[in-house]
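S.K.: One structure follows; several queries about it will come next.
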Amino acid sequence: MSTTTEVGSNGGTDYDAIVIGAGFSGLAILHHLREIGLKTLVIDGEDGIGGTWWVNRYPGVRTDSEYSYYSFSFSKEVRDEWTWSERYPAGPEVLRYLNFVADRLDLRKDIRLNTRVESAVYDESENVWRVNILGGGTLTAKYLVSGMGVLSQAIYPSIPGIDSFKGQKYHTAHWPRGGADLKGKRVGLIGLGASGIQVVPTIAPEVDEFFVFQRTPNFIVETTNDRVSASEMQHVREHYDEIFEKAANHPFGVAMDFAENSALDVTPEERERIFESKWNEGGFHFANECFNDLATNHESSELASEFIRTKIREIVHDPTTAELLCPTSYSFNGKRVPTGHGYYETFNLEHVHLIDVASTPITEITENGVTVGGTEYELDVLIFATGFDAMTGTLTNIDIVGRNGMTLRDKWTEQGLRSNLGISAHGFPNFFMSLGPQTPYSNLPVPIQLGAQWLQRALKWAKDNGVERLEATPESEAAWAAEVERAGKATVMYSEGHKAKAWFLGENVPGKPQEFIVYMGGGQVYQQFCREAEESGYGSFLTDVLAPAKAVGV
Ligand SMILES: Cc1cc2nc3c(=O)[nH]c(=O)nc-3n(C[C@H](O)[C@H](O)[C@H](O)COP(=O)(O)OP(=O)(O)OC[C@H]3O[C@@H](n4cnc5c(N)ncnc54)[C@H](O)[C@@H]3O)c2cc1C
């Protein structure tokens, strides 16, 4: 942990730094900017802290990451005093953790809730960001930081008649506070990404009839959710630094061993044994610890695909349903791999019906239910688990206006996604993003914490060197875009003829440009790029708009 160094003076502005978003990102950034003496305010449009874990209250909501690495390592107090109860913590437990972090680090006094940002405008003459609040009021700061979330801008499908349904309609990301009464109801669900997959087994036992409308099946890595014992928790506490280090050195930010062999390097018997043992360990262990090329080599990924298809056929009794649940148009890792908690087994329940809307798409939503071809499925409740405008949605949903009146939205529409390391964009001085587009696909608390610490050092360095503005250079953006594309094209997500419709490529949002919105080159490789930027004196972040070095307050 770095020592506190006073660098803030916030000459003339309300704050040195305004951070939008009070989730994992906002909390980590507030803590780290405070440590260097920056007067920092976190604002959030919601009425509670926690971001993702405040709004996602649907039945079954929990992490796909395991508790030991889905947390911060930077506070010894938090590490020593917090106790996780489940291997994959449920949403309410993660929310309690984030509230505990806020209280233990005394962050609450610098968090303003119920404060939605409508726009943020950079004033070049004053080198200040003016942050306009919905409903009135403007706050100013030298630095503006987005912690607005990668999976935070919920989307609905564009199905004719969607507003006409007379029953109860819920989006998983806007689940009612008091819960929803599903007992004895006829329920339909649209959307089978990570959220839908958690909803299905959780609500199936209580509903009367359940219609699951499936367009694209996923490869789901089933797991068990064990209680965390006191001794396991103590072990994690005592080894937190090693665990975090391991996760930081892993391509996907998980504290797991990185497999050394290709799936093609071993005999079929050995391959089967490894697949089986990692399948039994559950969740991301299968994806990460079997072989080193399940995300990059189509043949290897297809071997893993076939292993999972066999599992599906073993678990699901009805052969037609089992075949429908087997992905065939793409291979394992072609889409984000969700963790399952009895998902496949749910389809053995007689009142759970899998409706294939790939061969016959949903025609319309009526006032009574959902029509597929000539069949109307009458429903009392319709659940949308249709996900998010990922990575860029929150950033382009509001006007973030940089130099010469250009919005971030217009920049990315005109130029394609452009950023330096997903942290900074040319034309937007002193604007920084936590988990901006083109940052790694990963277990996220790891890049969030490392990003907050990188920003802390960068702003401290700026002060120490009299640098008034930090901003990506166009050259750095072009280089990073090329690296993001290179890394993305090296994965099975992109293999010709097997390309899955994945939110990684913006394909879940009609009209969104199809480009890699995450960096697939590995979290540890990304961190090396960040270190190089820092060690080179932030060369890729400086531009000709920098004031000459002189003693200036932050
Ligand atoms: C159901 C679910 C399960 C997940 N499970 C995992 C997992 O297992 N592992 C993993 O690594 N990741 C997981 N994620 C991703 C998760 O989003 C991140 O792990 C993490 O919580 C992101 O934190 P954040 O602070 O960056 O963003 P968020 O938690 O999304 O917080 C963003 C905040 O910004 C606020 N905001 C946005 N726009 C504005 C605005 N204009 N004005 C004011 N406030 C604004 C929002 O209100 C929100 O509170 C999951 C996501 C979901 C939805």
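The values are calculated or read from the model by the stated rules, or taken from the named source; none is laboratory data. Values in this document were obtained by computation on a predicted structure and should not be read as measured data. Neighbour counts run over all protein chains shown; Cβ positions are idealised from the backbone, glycine included. What goes into the accessible areas is simple: the full protein's heavy atoms, side chains included, and nothing from ligands, DNA or RNA. Shrake-Rupley method; radii C 1.70, N 1.55, O 1.52, S 1.80 Å.
S.K.: Extension gain Glu260-Asp181, at 0.36 nm per residue separation less the Cα-Cα distance, in nm?
M.R.: Working: separation 79, 0.36 × 79 = 28.44 nm, distance 4.84 nm.
Contour length minus Cα-Cα distance gives 23.6 nm.
S.K.: According to a simple spin-label model (label point 7 Å from Cα along Cα-to-Cβ), what is the distance in nm between Lys166 and Arg104?
M.R.: The two pseudo-label positions are separated by 5.2 nm.
S.K.: Counting only protein heavy atoms and a 1.4 Å probe, tell me what percentage of the stretch 1-141's accessible area is made up of carbon and sulfur. All intermediate terms of the calculation are to be shown ahead of the outcome.
M.R.: Working: 2390 of 5140 Å².
Ligands and nucleic acids excluded, carbon and sulfur reach 46 percent.
S.K.: May I pose another question? Aspartates and glutamates within cross-link reach of Lys39: Cα-Cα under 19 Å, excluding same-chain residues under 8 positions apart?
M.R.: The reachable aspartates and glutamates, counting only those whose Cα sits under 19 Å from Lys39, are Glu6, Asp14, Asp16, Asp103, Asp106, Asp110, Glu126, Asp464, Glu468.
S.K.: Here's another thing I want to ask about it. Would you mind checking the stretch 186-223 for residues with the amide N under 18 Å from a putative spin-label position 7 Å along Cα→C-beta of Asp356?
M.R.: Zone members listed by number: 191-192, 211-219.
S.K.: Here's a follow-up. Over 32 Å between Cα atoms, which of Lys311/Lys489; Lys76/Lys489; Lys246/Lys489; Lys76/Lys109 qualify? Write down the numbers at each step before the final one.
M.R.: Details: Lys311/Lys489 29 Å; Lys76/Lys489 40 Å; Lys246/Lys489 26 Å; Lys76/Lys109 21 Å.
As for pairs spanning more than 32 Å Cα to Cα, those are Lys76/Lys489.
S.K.: Can you give the extra length, in nm with one decimal, that the chain gains between Glu272 and Ser229 once fully stretched, where that is 0.36 nm per residue apart less the Cα-Cα distance? Write out the running numbers ahead of the final one.
M.R.: Details: separation 43, 0.36 × 43 = 15.48 nm, distance 3.10 nm.
12.4 nm is the gain from fully extending Glu272 to Ser229.
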